Every structure is written in structure tokens, then in C-alpha cells.
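A short reminder: the numbers here are calculations on the coordinates, not readings from a lab. This structure is a prediction, so every number in the text was calculated from the model and none was measured. Every residue, glycine as well, gets a Cβ built from its backbone with ideal geometry; the counts of neighbours run over all protein chains shown.
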Amino acid sequence: MTVKEALREIDLPPLWLALFAAVVWLTGRALPLPLPFTHPPGYALVLAGVGLTLVAAAQMVLARTPLIPRRKPGRLVTGGVFALSRNPIYLADAMILAGLVLVWDAALAAPLVPAFMALITRRYIRGEEVAIATLFGPEYQAYRARTRRWL
């Protein structure tokens, strides 16, 4: 395995979430901007994001399709939380990051949430959509027409 292949194997969304979360935390420590009543909604977003991740992951496991990006999907999952978003795990990651902005009093880091979403879209979602469209054709096109990418 080459270095490039090894780096591609560890280039996973949770790593990007951790990196963005670290910047959010550092921002909250260096330039805290506490806003009133943000901690309870922040914790709620983090918990909802974790819950959404668990539900979506369980659906994918039950459908016997890989959770790891860039792997060949075994099946198109369109029910449950996938009926609300074509990318519920990525949506959950964005929810977790937004929640951390609130919990860690890092309002100045709020622009990192849409930046994270843009990075995930470019780095993972677009490629996944091409692969899924190739494998599932009209079934995917129908799903794509009725279900939004994020929410």
C-alpha cells in the first residue's frame, strides 16, 4: 500500500468532524462568546446528532451496505431516516458540530458548520452520488427527486 492509498483509507468524515470540532473548541477557549440559553439547545443538537448517526448506521448495517465512504454500496437505503435526508449521517455530523459551537461558547466558530458541510459535499457526497447513480440508475434518480441531500 502506498502512502497515498494509506492516507485515503484514513480520510474519513469522522476525522474531519474531529478536526473541525477541535477548531471550534479552540475558538471557544481563545475567544469565548457566551450567548444566553445556548447550552441546552447545544446539548440537544449533539444528542440528536448522535442518535441520528446510530439510527442511520443501524439501517445501513441491516441493509448490508457499507458505512465507510468510497466503498461499493450493496443496496440503496431509502426508508426510515433516509426518507428525510439522503445523507443522514453527514447531517448528524453537522448537527453535532453546531451543537458544540453552542456548548463551547464558540459563536465566532459558527461559520465552520457550513464550511464543514461544503467540505463533506465536495470530498464525499458528490462522488458517492455518482457511484450510487451508476449502480442504481432510475431507482436512485427517483429517490433523489423526492429526498433532499441534507434536509
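Is the shape of segment 1-76 best called rounded, prolate or oblate, per the rule: a/c under 1.5 gives rounded, else a/b larger than b/c gives prolate, else oblate, with a ≥ b ≥ c the square roots of the Cα gyration tensor eigenvalues?
Note, shape of segment 1-76 comes out oblate.
At R0 = 22 Å, how high is the FRET efficiency between Ala63 and Met1 if r is their beta carbon distance? Nearest 0.05 is fine.
So, using R0 = 22 Å, E works out to roughly 0.15.
Just the ratio, please: alpha-carbon radius of gyration of segment 79-151 over 2.2 N^0.38 Å, N its number of residues.
1.27
Under 25 °C and 0.890 mPa s, how fast does the chain diffuse according to Stokes-Einstein, given a Kirkwood radius computed over C-alpha pairs? Answer in µm²/s, whole number.
149 µm²/s
Sorting check: for 8-17, 30-39, 77-86, which peptide has the highest mean count of neighbouring beta carbons within 10 Å, and how do the rest follow?
Descending mean neighbour count gives 77-86, 8-17, 30-39.
Does anyone have the angle between helix 88-103 and the longest principal axis of the chain? Alpha-carbon axes, 0 to 90°, nearest 10?
Once rounded, the angle reads 0 degrees.
What is the angle, in °, between the Cα long axis of helix 126-146 and the longest principal axis of the Cα atoms in the chain? Nearest 10 is fine, range 0 to 90.
80 degrees
Can you give the FRET efficiency for Ala22 and Leu151, using 1/(1 + (r/R0)^6), R0 = 30 Å, r = Cβ-Cβ distance, to the nearest 0.05?
0.75
When you count, for each residue, the other Cβ atoms within 10 Å and take the mean per peptide, how do 55-68, 87-100 rank with the highest first?
In decreasing order of mean packing, 55-68, 87-100 become 87-100, 55-68.
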